[in-house]
1. Select from region B:80-115 the residues that are out of contact with any Ser or Thr (no Cβ under 6 Å at 6 or more places or on another chain) and basic (Lys, Arg) and write down the one among them that is farthest from the other protein chains (Cβ to nearest Cβ).
2. Looking at residue B:166, is it surrounded by 15 or more Cβ atoms within 10 Å (Cβ to Cβ), part of a helix (DSSP H, G or I) and charged (D, E, K, R)?
3. I'm trying to understand the selection: among the residues of region B:239-254, which are away from chain A (no Cβ under 14 Å) and surrounded by fewer than 20 Cβ atoms within 10 Å (Cβ to Cβ)?
4. Mind listing whichever residues of region B:1-13 are surrounded by fewer than 21 Cβ atoms within 10 Å (Cβ to Cβ) and either more than 9 Å from every other protein chain (Cβ to nearest Cβ) or not β-branched (Val, Ile, Thr) (or both)?
5. Quick check on region B:212-225. Is at least one of its residues over 30 Å from residue A:54 (Cα atoms), among the acidic types (Asp, Glu) and surrounded by fewer than 17 Cβ atoms within 10 Å (Cβ to Cβ)?
6. Taking region B:190-222 as the search range and keeping residues that are among the aromatic types (Phe, Trp, Tyr) and in a helix (DSSP H, G or I), which one is farthest from residue B:133 (Cα to Cα)?
Amino acid sequence: MLMKPAPALELRGLSKRYDDGTVALESLDLTVPDGAFFGLLGPNGAGKTTLISAVCNLIRVTAGEVLVFGEPAESLSARRAVGLSEQDINLDRFLTVEETLVYHGGWFGMGRKEAHARAAEMIEIFDLNQKGKVRTPKLSGGMRRRLLLARALMHRPRLVILDEPTAGVDFELRLELWRYIRRLHEQGTTILLTTHYLEEAETLCQEIALIRAGRLIARDSADGLREHYAAASLEDVYVKAMGV
Amino acid sequence: MSGVRGLLWLSRRECLRVTRLWTQTVLAPVVASILFIVVFGLSLGSRIREIDGHDYQLFIVPGLIAMAMVQAAYNNTSSSVFQARQDRYINDLLSAPMHPWQLNLGYTVGGVVRALAIGVSLAALALPVTGIRIEQPLVLAAAVVLGVVIFSALGTIVGIFADTFDNHTFVSNIVILPLVFLGGVFYSIESLPSPWQELTHFNPLFYLVNAIRYGFLGTSDVSVALSLGVTAALAVPMYAWAQWLFMSGRRLKA
C-alpha cells in the first residue's frame, strides 16, 4: 500500500503568547499539502508573521506542534527543507550580494564550490549581475527584495515561505517576482505566501486561509471563499470575514 | 556531523568581519597598546625601580597584551551579535540547520581570532622594543585560551541582552577596563597598601593578568595554579551561559 506523502506543513493546536501577554495565535490548526500554492490573508496583527516565525524556528511557541514534511519544525532536517523570505529587509551589512548567497548556502550545509555555483545561478536568475560585488547597504529597495528572495531559494528548499514578498516594490518587479514564484511552484516547490494584495493572492494561490486575531476563520480556493461568503470579489470576502 | 559546514561558514564569516574591518579591529588596539608600552614603559620606566626582578617596561607588556586581547574578544562578539540582532539577519542563522552549540562556537571563533591577531602582533612588536621572551609557553597558551573564551562569551551574552549600542560600550568601559587596570597591568599588588591589596584578590582579571604574566616572565603575584584555576572557573560558566542563551532562544527568539 502506498504511503500518503506527509503534508508540507502541519500545525496542530499552535498557540503563541508573547511576554507582554499578547496572544498572537490561539490553538491554530492548519495543513498545507505538499506542492500547494497556499495564501495566508489577514490584517496586520492577525498572526501571519508569528505563524511563519513558528515554522522557521524564530519564536518559542507556547503550545502546539509544527511539522514540516512530517518532521518537527525545530529538527535540522525540517529547517533544511524551508526557505524564508521575510517581510522586513534583513541583510548582513558586511557582505556583498554574492557573499550573502554563498554564506547562506554555507549555513545550510553547502560546500564552497556548490555554494558559489548556486549563487552565480541565483544572481543570473534574479538579474543581480551588476551588483554581485556590491555590499548590501548600497542596494536599492528593489534589489534588496530580489536578493531576499534569491537567498530564500539558495539552498533549494521544498517549502518556500514568502512573507509579503512584493511589499513596497514597483509594478514591473512585482510581475517579475510573480513569474518566478509561479515557475518555482510549477517545478514542485510548495509555496506559502502572505500578502496584503488581494489580487496577488487570487492570481497566485490555489488555496487561501483567512486569519483573524490568531485564529483560522476560513480556508478555501478563491472561488470557494466567494461562494461561502456570497461575495462578488475576494475583496468583499475579506471585508465580510474580517468585519472591516 | 550535521551543521559542521554551517559552523565553518559562520566562523569564516566572523573572521571575514575582522579582516574586512582590520584597521578598527586589529590595527587600532595594537597601536594603542604600543603607545602604552612606549609612553609608560620607555619614558617612565627608567624612573621606576624593577618589579619582581624585571624592568618596568618588560613588566607591563604581558598585562597590556592581556588587556588588548580580552577587550578585542569582548568587542568582537558583542558588536557582531548585537548587529545581527538589530538588523535581524540573525534570523537567517536561527532558521538554518545548525545546532545551538555551533552558533555559540562560531561567534566565539571570531572573538578568539581577533584577540589572537592582536596578541601575536603586540608580542611581535614588543619583542624588539623590550626584549620580552616567553618563559612558560604552555601556561601562556592556557591562560590566553581561557581569557579570550571568557570575554568572547561575555561579549556574546551582552550582544544578546543589549537593547542599544550603549549597553555594549558601558560593559566595555565601565566594567572590563577598570577591572583590567585594577588587575595589576601596571603594578604589582605588593606595592598596594591594605585593604587594596586584599581587595584585588576579588578581581577575577587579576588572576588572568598574572597567569599571562607568568607565561611571559615566569613570575607572578599569586601561584600560577590559582591563577589558571580561577580563570578556568570563570570561563566554564561564562561559556555555558552563552550556550544556554542559544539553546533556550531567550532574547533571540520572541
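1. Looking at the filtered set, the residue picked out is B:85.
2. Values: surrounded by 15 or more Cβ atoms within 10 Å (Cβ to Cβ): no; part of a helix (DSSP H, G or I): yes; charged (D, E, K, R): yes.
Considered against the rule, which asks whether it is surrounded by 15 or more Cβ atoms within 10 Å (Cβ to Cβ), part of a helix (DSSP H, G or I) and charged (D, E, K, R), residue B:166 comes out as no.
3. First, the residues of region B:239-254 that are away from chain A (no Cβ under 14 Å): B:239-243.
B:240, B:241, B:243, listed by residue number.
4. Residues of region B:1-13 surrounded by fewer than 21 Cβ atoms within 10 Å (Cβ to Cβ): B:1-2, B:4, B:8, B:11-12.
Selection gives B:1, B:2, B:8, B:11, B:12.
5. Kept after step one, since they are over 30 Å from residue A:54 (Cα atoms), are these residues of region B:212-225: B:212-225.
Filter once more, so that each one left must be among the acidic types (Asp, Glu): B:221.
Within this subset, residues satisfying the condition of being surrounded by fewer than 17 Cβ atoms within 10 Å (Cβ to Cβ) are none.
There is no residue in region B:212-225 that is over 30 Å from residue A:54 (Cα atoms), among the acidic types (Asp, Glu) and surrounded by fewer than 17 Cβ atoms within 10 Å (Cβ to Cβ).
6. Taking region B:190-222 first, the residues among the aromatic types (Phe, Trp, Tyr) are B:196, B:202, B:206-207, B:214, B:216.
Right, trim to in a helix (DSSP H, G or I) and you get B:196, B:206-207, B:214, B:216.
On the way: B:196: 30, B:206: 21, B:207: 20, B:214: 11, B:216: 6 Å.
Taking the candidates together, the pick is B:196.
Residue-by-condition table, conditions (1) touching a Gly at 6+ places or on another chain (Cβ under 7 Å); (2) within 17 Å of residue A:40 (Cβ to Cβ); (3) not acidic (Asp, Glu):
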residue: A:129; (1), (2), (3): no, no, yes
residue: A:145; (1), (2), (3): no, no, yes
residue: A:155; (1), (2), (3): yes, no, yes
residue: A:158; (1), (2), (3): no, no, yes
residue: A:164; (1), (2), (3): no, yes, no
residue: A:171; (1), (2), (3): no, no, yes
residue: A:180; (1), (2), (3): no, no, yes
residue: A:183; (1), (2), (3): no, no, yes
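Quick grid of which residues meet (1) charged (D, E, K, R); (2) crowded, with 17+ Cβ neighbours inside 10 Å; (3) assigned to a helix (DSSP H, G or I); (4) assigned by TED's automatic domain parsing to the domain that holds residue A:49:
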{"residue": "A:200", "(1), (2), (3), (4)": "yes, yes, yes, yes"}
{"residue": "A:209", "(1), (2), (3), (4)": "no, yes, no, yes"}
{"residue": "A:218", "(1), (2), (3), (4)": "no, yes, no, yes"}
{"residue": "A:230", "(1), (2), (3), (4)": "no, no, no, yes"}
{"residue": "A:241", "(1), (2), (3), (4)": "no, yes, yes, yes"}
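The values are calculated or read from the model by the stated rules, or taken from the named source; none is laboratory data. Owing to the predicted nature of the structure, the values given are computational and were not obtained by experimental measurement. Positions of Cβ are backbone-derived with ideal geometry, glycine not excepted, and every protein chain shown enters the neighbour counts.
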